[in-house]
Amino acid sequence: MAELETRELEYFVAVAEELHFGRAAAGLRIAQPALSKAVRRLESRLGVPLLERSSRHVALTPAGEALLHHGRHALNAVSAAAGKARQAGDQRARLRLVIKPGGDANLLSGILAAYAAQPDARQVDILFGGATDRADHVRDGRADVALLYAPFDDMTGLDHETLLVEERVAILPPGHRLASRPEVTLADLAQERFPRWKGVSWMLGVPGGGPGPEVKDAAEVLHMIRLGRTVAVLPRSLAQPPHPDLVYRPVADAPRSRLVLAWSQEDRRRLVASFVRAAVEAAEAVGGRG
């Protein structure tokens, strides 16, 4: 018999979070004596006390704190496993793709067309994420795949395929001291002020320089550049279409960025594999992949 049963672990986590048997029992919709008995049975099986009890007080022991920490992760894993099983068995499941508005380098229509031609293609739902949360959409199950920019987005827990390798460009106001040059370098930009975008370090452009105005989207970035308050360094595809009032110059020695299609390392569904294959083929067809 397993040392821990899912229901007993759920009961213990409820008590540990409430530190009150009555409230925990009410939340679980079971009788308080039954809940108390279940926790004592769990303590007996593990051979350690999990809670310190008195008539007015419930507290976690060190063993209880450890079980609460790891127990939460275990319950989340069980829930995720059940969800993945349902998704895998659902023949009507749609594929959910999360993108940043304008962050597809004009590849999306070709990718969708290539995928639609697959014999096992499903309907694709397009979700729009922000500058920082698209990878989280995949990690927590809100999306199946995401278009991300490497090395800027956090790829922890994700597999990915590169669709496009591209240069980075500096976006400058017309009167800027570097605007007349055909290209610039990281050293040229070292003392510039770059926009601050909470949680997105790559929006700062390049190392060095001082922090500029805080912005929340690309429209605000361009507005601040036109006012001469900041400059920015972006992957070429995110700088399209060019604004007529701004100057765009390649950053000759900046590391190239990659537009990638990412999915969970644990996701082995044919639904996802088929979409990834179609995306790679579509990118290669238009000269991408680099």
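The values are calculated or read from the model by the stated rules, or taken from the named source; none is laboratory data. Bear in mind that the values here come from a model prediction, so they are computed numbers and not experimental data. Using ideal geometry, Cβ is built from the backbone for each residue, glycine included, and neighbour counts are taken over all protein chains shown.
Residues that are hydroxyl-bearing (Ser, Thr, Tyr) and more than 15 Å from Thr61 (Cβ to Cβ) were ranked within the range 1-50; the one that is farthest from the chain's Cα centre (by Cα) is Ser36. Of everything in the range 100-146, what is under 10 Å from the mean Cα position of the chain (by Cα) and closer than 18 Å to Ala218 by Cα? Give them in sequence order. Within the range 100-146, Gly129, Gly130, Ala131, Thr132, Asp133, Arg134 meet the criteria.
Give the range 237-254 a look and list any residue that's under 17 Å from Val184 (Cα atoms) and either touching a His at 6+ places or on another chain (Cβ under 6 Å) or at pLDDT below 90 (or both), or say none. Answer for the range 237-254, where residues must be under 17 Å from Val184 (Cα atoms) and either touching a His at 6+ places or on another chain (Cβ under 6 Å) or at pLDDT below 90 (or both): just Ala239. When restricted to residues that are touching a helix residue (DSSP H, G or I) at 6+ places or on another chain (Cβ under 8 Å), part of a loop (DSSP other than H, G, I, E, B) and not aliphatic (A, V, I, L, M), the range 233-248 contains 2.
Taken together, the criteria place Asp154 among residues that are in a loop (DSSP other than H, G, I, E, B), more than 30 Å from Pro182 (Cα to Cα), of a type in the set (Asp, Glu) and touching a residue at least 12 places away in the same chain (Cβ under 8 Å). Give the residues of the range 161-186 that are under 19 Å from the mean Cα position of the chain (by Cα) and crowded, with 19+ Cβ neighbours inside 10 Å, sorted by residue number. Residue satisfying the conditions is Leu163 alone.
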